[in-house]
Amino acid sequence: MSYLSGRSLLALLFWCALYFLTGYISLYMDAPVSRVAVVWFPAGVAVSAFLIFGRGYWPMLFLALFLTRVLLDVALRHTLETSLALSAISLANDLAVAWCVRYFAAARDQLRRVGVWLLATLGTSVISGVLGGGWLALRHEIDFVQTVWMWWASNVVGTILLTTILMGLLWRSGPFNVRRLLSGGVLWLLLCLSAWYVFHQPVGGTHGTALQFALACLPVMLMIAIPVMSGNRFGAFAFLCFSIIVIYYSWQRYGPFFIPGLRDGEPLLLAQCYLSATALLLSFVYVQKRAAVTASEAEERMAGFGQGKAAYHLEPQSGRLTWDENIHTPLSQQLAAISNVEQLFALLSAEDSSAMQQRWQQVLQQGGNSETFRFHLALPPSNRIAVSENRLLGLRGPAGVVIVGYWSEEPHSKVSIHSPQGA
């Protein structure tokens with residue numbers, strides 16, 4: 001189990017608080033007869049947390065979320081015995097989804113990761129639905145088939161919605177500028193107004209059913225345009241607002257999905273399908289934008305390295321380092337003699353070494369890391385330079401995953417390897 005630093009502890013407390021809050025909202029909208037929430041938002045929170053934390057933190061994260069789930073369930077809904085059983089089933093399902101993404105899509109393209117995530121969510125929710133529904137049917141004498149169906153639907157919708165929102169908020173797609181901020185703000189305002197107009201209409205309102213369904217497509221088109229124009233984070237925030245509007249008015253029995261003749265619960269199911277389809281479209285927009293950013297970065301790297309550039313290949317199992325011989329710069333020449341991670345760590349501070357190891361571990365689990373990492377390198381005899389690691393990639397080969405990293409010397413280095421010592 002990994003050592004829990006102060007920053008990691010704060011992150012853990014944040015995810016537990018978010019899990020509790022979304023769980024309270026879900027149980028507030030639950031179905032009293034089946035004892036299953038209409039939509040289980042914490043599923044998406046837990047899956048996102050497992051995807052973000054390294055595997056070494058999973059046991060600690062599982063225990064923290066498990067205790068949070070038990071506390072929530074006992075306080076608002078079930079007996080302790082039922083709470084323990086349902087909490088274990090629910091969290092095991094969330095962990096299984098994250099494990100499938102890490103195992104089957106590590107070092108793969110983002111489209112594959114989204115596909116594995118979706119298939120794992122659909123499949124594991126069936127198993128957890130059968131287990132949870134079986135327990136509730138056995139202990140509380142409720143309809144088994146209906147409970148399994150509601151469990152599956154609520155878990156799938158909650159995972160799709162919250163994972164799309166949280167992962168979109170946490171992935172940095174680029175710095176804001178005035179044009180992106182203004183365009184995103186205008187589209188967000190139009191989205192909220194259109195969603196409010198469509199979903200605050202009462203059942204049997206002035207608009208016909210066909211027209212109401214047609215109008216419901218307008219917020220979806222605006223929703224997809226926002227991340228294209230203003231980035232994934234703005235898109236995730238807009239989708240959060242959009243989901244709140246749709247869920248609130250649908251819960252109040254307003255909107256186009258409350259069609260006369262539908263059975264109780266079916267209109268809410270239609271609203272969930274509507275949001276889930278929008279979330280999947282948004283996820284594929286995320287993938288395309290990230291692929292475009294990756295291609296742009298690759299073109300920049302291929303355009304030529306400057307005087308302070310280097311690239312390395314790391315074999316995690318052996319710790320062997322190999323530097324790209326096609327890059328001929330003063331920095332790469334200085335680093336060529338470093339052949340393993342122990343030699344590299346000798347040139348770094350303890351804090352930078354720990355941070356670099358965490359980044360490598362993340363790449364092994366997630367396939368890449370596009371965040372910039374800045375550190376200082378103490379080159380012999382006494383040169384100390386500032387270096388940034390701009391990108392890490394995980395490439396799967398016959399011997400396992402190989403990590404590829406790209407370094408560049410920061411222009412504000414106090415002492416550069418291009419200048420004589422003491423100049």
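The values are calculated or read from the model by the stated rules, or taken from the named source; none is laboratory data. Remember, it's a predicted structure, so these values are computed and weren't measured experimentally. Here the Cβ positions follow ideal geometry from the backbone for every residue, glycine too, while neighbour counts run over all protein chains shown.
Listing for the model above:
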item	result
Selection status of Leu111, more than 16 Å from Ser90 (Cα to Cα) and in contact (Cβ under 8 Å) with a residue 40 or more places away in the chain	yes
Contacts under 6 angstrom Cβ, first residue in segment 183-194 being closer than 9 Å to Ala238 by Cα, partner of a type in the set (Ser, Thr, Tyr) and surrounded by fewer than 16 Cβ atoms within 10 Å (Cβ to Cβ), 6 or more apart	none
Pair list, Cβ under 6 Å, 6 or more apart: segment 58-78 residue in contact (Cβ under 8 Å) with a residue 12 or more places away in the chain, other residue part of a loop (DSSP other than H, G, I, E, B) and not aliphatic (A, V, I, L, M)	Leu61/Phe53
Single unsatisfied condition, Val228 versus (1) within 23 Å of the chain's Cα centre (by Cα); (2) surrounded by 19 or more Cβ atoms within 10 Å (Cβ to Cβ)	(2)
Residue within segment 333-342 that is part of a helix (DSSP H, G or I), at pLDDT 80 or above and closer than 14 Å to Tyr406 by Cα present	yes
Selection status of Thr147, out of contact with any Lys or Arg (no Cβ under 7 Å at 6 or more places or on another chain), closer than 23 Å to Leu18 by Cβ and buried (at least 17 other Cβ atoms within 10 Å of the Cβ)	no
Unmet requirement for Val220, which otherwise passes all of (1) at pLDDT below 80; (2) assigned to a helix (DSSP H, G or I); (3) crowded, with 16+ Cβ neighbours inside 10 Å	(1)
In segment 139-182, residue modelled with the highest pLDDT [restricted to those that are assigned to a loop (DSSP other than H, G, I, E, B) and either hydrophobic (A, V, I, L, M, F, W, C) or under 21 Å from Ile52 (Cβ atoms) (or both)]	Ile142
Meets criteria (closer than 20 Å to Gly54 by Cα and out of contact with any helix residue (DSSP H, G or I) (no Cβ under 7 Å at 6 or more places or on another chain)) for Gln333	no
